[in-house]
Amino acid sequence: MPMIGLGTWELKDKDVKPSLKAAIDAGYRAIDCAHVYGNEKEIGETLAEIFKEGKVKREDLFITSKLWSAQHKQASVKPACELTLKNLRLDYVDLYLMHFPYAFKEGEGDFPKPGPDESHHELAMSDTDYLEAWKGMEECVKAGLVKSIGVCNFNTKQIKRLLENCSTKPAMVQVELHPFLPQKKLVDYCNENGIAVTAYSSLGNPGQAGDKFNLLDEPRVKKIAEKHKKTTGQVLLRFSLERDICVIPKSVNPERVKSNYQITDFKLDKEDMDTLLNFKESHRVVDNKWASDHKYFPFGEE
């Protein structure tokens with residue numbers, strides 16, 4: 001997987017085409033998708049246009065998608081993957097990730113809906129073991145639908161259990177990662193076991209984080225950005241690259257899409273990294289506390 005990819009979470013229908021085309025023009029060759037984002041059909045239509053225009057070929061791109069938590073039964077995984085391929089208008093994806101280690105009951109709809117106080121989602125939980133879902137994902141590899149498989153939002157304990165009970169080792173772990181959540185223990189564990197890591201919410205998702213945890217306006221990040229004559233966003237993305245971690249920033253602004261890709265022409269020194277790795281504050285953008293009573297609840301620890 002290329003070290004820099006385009007994230008598509010919360011990309012609305014009208015934003016998909018300009019964002020995707022701006023990314024390809026800027027040099028991006030990795031695209032991160034997911035069934036639950038609800039925009040795979042629009043992404044598929046745009047990819048078809050891009051391929052027809054001859055800007056890139058299918059084999060030039062590394063495309064990721066994700067198995068949603070309402071399809072964790074082993075028999076449901078392959079059909080879910082086939083639906084994603086149909087929506088994306090592709091014969092295969094390069095990487096297929098299990099979106100979460102916990103499951104929702106099947107047959108109640110694909111997409112989570114905010115509850116009355118927006119602190120939980122009104123989909124019933126299921127005790128389906130993520131090991132069962134993994135068996136279905138291994139079948140997708142054997143069927144040639146996916147090149148490789150991995151997981152999202154898993155902690156070290158869950159990854160260890162998966163490694164002890166799988167025939168196909170996860171190639172990638174995708175987790176929220178930024179200076180307020182550096183995931184040191186998890187990253188070290190993945191490095192020790194030859195598993196690549198992708199960071200999401202690398203910028204701390206300032207729209208949801210609030211003033212207290214807005215990394216783009218964080219004075220310590222600003223100081224480093226001024227030192228290197230870069231934006232705070234570029235510094236935050238470079239923070240992961242310095243740790244051999246892939247990044248998948250999202251933007252609907254073509255200039256921001258381009259700026260997010262321009263992070264290979266500078267390096268952060270030891271002082272910079274020590275600062276960014278040792279924030280005393282801790283904050284998760286995606287906490288999913290509404291699922292805290294679930295058997296496979298992943299958050300709150302690495």
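We did not get these values from a lab; they are worked out from the coordinates using the rules stated. Remember, predicted model here, so these are calculated numbers, not experimental data. As a convention, Cβ positions derive from the backbone with ideal geometry for all residues, glycine included, and neighbour counts pool all protein chains shown.
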(message) Once you place label points 7 Å from the Cα toward the Cβ at Asn278 and Val252, how far apart are they in nm?
(response) 4.1
(request) Report, ordered by chain and residue number, the lysines lying within cross-link reach of Lys230, taken as a straight Cα distance under 28 Å and ignoring same-chain residues fewer than 8 apart. (result) Lys17, Lys21, Lys184, Lys212, Lys222, Lys250, Lys258, Lys267, Lys270, Lys280
(request) For a footprinting-style exposure proxy, rank Val286, Val77, Val173 by other Cβ within 10 Å, fewest first. (result) Val286, Val77, Val173
(message) From Cα pairs below 8 angstrom and at least 6 apart in sequence, can you work out the relative contact order of the chain, rounded to a whole percent?
(response) 19
(request) Please sort by residue number the trypsin sites (Lys or Arg not before Pro) in region 190-270 whose DSSP state is loop and whose Cβ has at most 14 other Cβ atoms within 10 Å. (result) Lys229, Lys267
(request) Calculate the length of the line joining the C-alpha centroid of region 10-87 to that of region 135-180, in whole Å. (result) 19
(request) Considering only DSSP beta bridges where both residues belong to the chain, give the percentage that are antiparallel (nearest 5). (result) 15
